Structure formats: structure tokens, C-alpha cells
Amino acid sequence: QVQLVESGGGLVQAGGSLRLSCAASGRTFSMRGMGWFRQAPGKEREFVAAISWSGAATWYTASVKGRFTVSRDNAKNTVSLQMNSLKPEDTAVYYCAARSNSGSWDDRGGYDYWGQGNQVTVSS
């Protein structure tokens, strides 16, 4: 089992920044990578970004490229999502997730473990 505990998030004005962190514990040696997803009210959960377990490779959905940065601290088994130039449409509950298999990084079905979710609200 792998446990994921998220922190960060909150309320910010448009154009501002927030940082989300996700600490992984447990049987993390079997993980291939971690991802961030978000779910706005009335919408499906969507892919935001992902990073390989080594941190060598990253992926982003088009709408956040150039604004969000995913990174990992191997020593602390933590993955972070730095969100800059936030827009009201970024408002959602953000989830971190971990996967033990390779495949499409934007496929939420490929992730085995999920964090509890953190609210990010961007006001206009």
C-alpha cells in the first residue's frame, strides 16, 4: 500500500500563485510515477501534470503548460505542483495520484493510489 497526503491549496486572486505538495509513504519502491488531477464541480476529473518517479520526465496538459511546474524531492518522497498565473478556470479540487505501471500518464485509470484532494479556488 501507498499513502498519499496532500497539503497546500487555498484561495487566491487571478494571476496569483499557489503550491500543492503530496507526500508519499509506504511501498513507494514499486511506483513508476505520480500525477496531479483536478475536478471542478459538475465536471469529470482531468489530468493536469505528471512526473516520473526519478523526476527525469514530466508531462502537462495543454492548458497549464508554461504556468504550472511539477517537481519531485526524492529525499522526502514528495511531489509538488507550483501553480503560477492562476485563472478562475483553474478552480477545482486537486488530487495527487501514484502509479505502479507505465502507460498513458493522462489516464486516471492507470493510477493505483490517490490523495484526499485539496481545494484550489481562484477568484476573478
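When GLY103 is tested against (1) in contact (Cβ under 8 Å) with a residue 12 or more places away in the chain; (2) at positive phi, exactly one condition is not met: (1).
Does the range 72-90 hold any residues that are farther than 18 Å from GLY115 by Cβ, open to solvent by 30 Å² or more (accessible area, probe 1.4 Å) and modelled with pLDDT of 95 or more, and which are they? ASN84, SER85, LYS87, PRO88, GLU89 - these are the residues of the range 72-90 that are farther than 18 Å from GLY115 by Cβ, open to solvent by 30 Å² or more (accessible area, probe 1.4 Å) and modelled with pLDDT of 95 or more. In the range 72-124, which residues are hydrophobic (A, V, I, L, M, F, W, C) and farther than 19 Å from SER25 by Cα? Answer for the range 72-124, where residues must be hydrophobic (A, V, I, L, M, F, W, C) and farther than 19 Å from SER25 by Cα: MET83, LEU86, ALA92, VAL93, TRP105, VAL120, VAL122.
Sub-6 Å Cβ pairs linking a first residue in the range 52-70 that is touching a residue at least 40 places away in the same chain (Cβ under 8 Å) to a second residue that is in a helix (DSSP H, G or I) and of a type in the set (Gly, Ala, Ser), at least 6 apart or interchain, number zero. Could we say that VAL122 is more than 14 Å from the chain's Cα centre (by Cα), buried (at least 19 other Cβ atoms within 10 Å of the Cβ) and in contact (Cβ under 8 Å) with a residue 24 or more places away in the chain here? Yes, satisfied.
Looking at the range 2-71, the strands (runs of 3 or more DSSP E) lying wholly inside it that each contain 2 or more residues that are crowded, with 16+ Cβ neighbours inside 10 Å and at pLDDT 95 or above sit at 2-8, 18-26, 33-39, 46-52, 58-60. Could you tell me whether the range 27-40 includes any residue that is over 12 Å from the mean Cα position of the chain (by Cα), in contact (Cβ under 8 Å) with a residue 24 or more places away in the chain and over 17 Å from VAL2 (Cβ atoms)? Within the range 27-40, one or more residues are over 12 Å from the mean Cα position of the chain (by Cα), in contact (Cβ under 8 Å) with a residue 24 or more places away in the chain and over 17 Å from VAL2 (Cβ atoms).
The values are calculated or read from the model by the stated rules, or taken from the named source; none is laboratory data. Model, not experiment: these values are computed from the prediction. Counting neighbours? That spans all protein chains shown, and the Cβs are built from the backbone with ideal geometry, glycine included. For the accessible areas, the whole protein counts, side chains as well, though only heavy atoms, and no ligand, DNA or RNA atoms are used. Shrake-Rupley method; radii C 1.70, N 1.55, O 1.52, S 1.80 Å.
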